[in-house]
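Peer 1: Sharing a structure here in structure tokens format.
The values are calculated or read from the model by the stated rules, or taken from the named source; none is laboratory data. As the structure is a computational prediction, the values presented were derived from the model and not from experiment. FYI the Cβ positions are ideal-geometry reconstructions off the backbone, even for glycines, and counts take in every protein chain you see. Areas reflect the complete protein model, heavy atoms only, side chains present, ligands, DNA and RNA absent. Shrake-Rupley method; radii C 1.70, N 1.55, O 1.52, S 1.80 Å.
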Amino acid sequence: MSERREFYSRIYGQGHLRPVPPSIDMKRAYQKKSESYIVSARILFENGKLKEAVSMIYYSMFYMVLALFFRTGIKCENHSAAIYLLEDLYGLDNSAIIRAKSERIDKQYYIDFNLSREDVDEMMGEAYDFNAYIMDFTEKMKGMDIENYRNTFLNLVR
């Protein structure tokens, strides 16, 4: 069994990753939350709160991923698993959210870093692109796609 499959199985066993009924309402709620966080990031950025904007940027991206998951009928309470599943389950590019997570951790927990307005502005642009990419993918899914993703998910975690 691969290292990631073991990881998925472990957190599945702990109840942090599990199938739930697919939900358009939950998808919409997380999309709205994602949009709210990117707006908050912009406000923080415009007011010189760069470290705080980085956190909001990451969470905007993470909530868009959760919107995809709930549309598919997956509940995931582990950030690393969510990021890996983008690639392993959906075949999507997760590099932007990997970078954003790393930046969020650095800026939230450590004090010895350089952060420029240009860096944060670039991150914000990547977040807008990433969120649009995930939203577009989510909106194009049909019933059979959802069923196939759910079955593949269950094979990954069991």
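Peer 1: Taking the stated definitions as given, is Ala96 among the small types (Gly, Ala, Ser), touching a residue at least 60 places away in the same chain (Cβ under 8 Å) and not in a loop (DSSP other than H, G, I, E, B)?
Peer 2: no
Peer 1: Would you check if Arg150 is among the charged types (D, E, K, R) and closer than 16 Å to Val20 by Cα?
Peer 2: yes
Peer 1: What residue, among those in segment 54-82 that are in a helix (DSSP H, G or I), open to solvent by 10 Å² or more (accessible area, probe 1.4 Å) and of a type in the set (S, T, N, Q), is nearest to Ala29 (Cα to Cα)?
Peer 2: Checking each candidate, the answer is Ser55.
Peer 1: Still on this structure, please answer the following. Where the second residue is among the β-branched types (Val, Ile, Thr) and the first is outside any loop (DSSP other than H, G, I, E, B) and lies in segment 114-126, which pairs have Cβ atoms under 8 Å and are six or more apart or on separate chains?
Peer 2: Val120/Val54; Val120/Ile57; Met123/Val54; Met123/Ile57; Met124/Ile38; Met124/Ile57
Peer 1: Can you tell me how many residues in segment 92-116 are modelled with pLDDT of 95 or more and open to solvent by 60 Å² or more (accessible area, probe 1.4 Å)?
Peer 2: Number satisfying all stated conditions: 3.
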